[in-house]
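As structure tokens, the structure follows; a few thoughts come after it.
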């Protein structure tokens, strides 16, 4: 995951091209936890998921668990750039009600700045 820090307390994490499925959620979770542990002043993490072409229920479950962990630490997660194939998972499961979802990282940044 490539990260940038556009403003104080905000980190944008850009996921690599691919999928988030049962076969690769562990490396994603580890990278997410690394970002949380290394970013002590982190208040908002924007996950740019535009690289994901597919997500299964294990991938969604991982995102929900990470959202819960972040919330417990007083941090927010915002999702950006969901492709149609990934967005449908959020719509079918109604998980879109749990997350702040934006079309672009720029839109998500405007909300937090």
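All of the numbers you see were taken from the coordinates with simple rules; none came from a lab. If you're wondering where the values come from, they're calculated on a predicted model, not measured in any experiment. Positions of Cβ are generated from backbone atoms using ideal geometry, with glycine treated the same way; all protein chains shown enter the neighbour counts.
In table form, for the structure just shown:
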| quantity | calculated |
| --- | --- |
| The chain: calculated mean residue ellipticity at 222 nm from DSSP helix runs of at least 4, using -39500 (n - 2.57) | -13000 deg cm²/dmol |
| Ascending count of other beta-carbon atoms within 10 Å, so fewest first, for 25, 112 | 112, 25 |
| FRET efficiency for residue 3 and residue 58, using Cβ-Cβ distance with R0 set to 22 Å, rounded to 0.05 | 0.40 |
| Within the range 40-62: backbone nitrogen closer than 14 Å to the residue 111 label point (7 Å, Cα to C-beta) | 44-49 |
| Estimated inter-spin distance, residue 40 and residue 71, nm [label 7 Å along Cα→Cβ] | 2.8 nm |
| The chain: most fluctuating residue of 23, 70, 50 per GNM, C-alpha cutoff 10 Å | 23 |
| Gaussian network model of the chain, Cα within-10 Å springs - most flexible of 20, 66, 82 | 66 |
| Label corresponding to Cα extents along the principal axes in Å when calculated from the structure given, among [x] 67, 27, 23; [y] 34, 27, 25; [z] 43, 27, 24 | [y] |
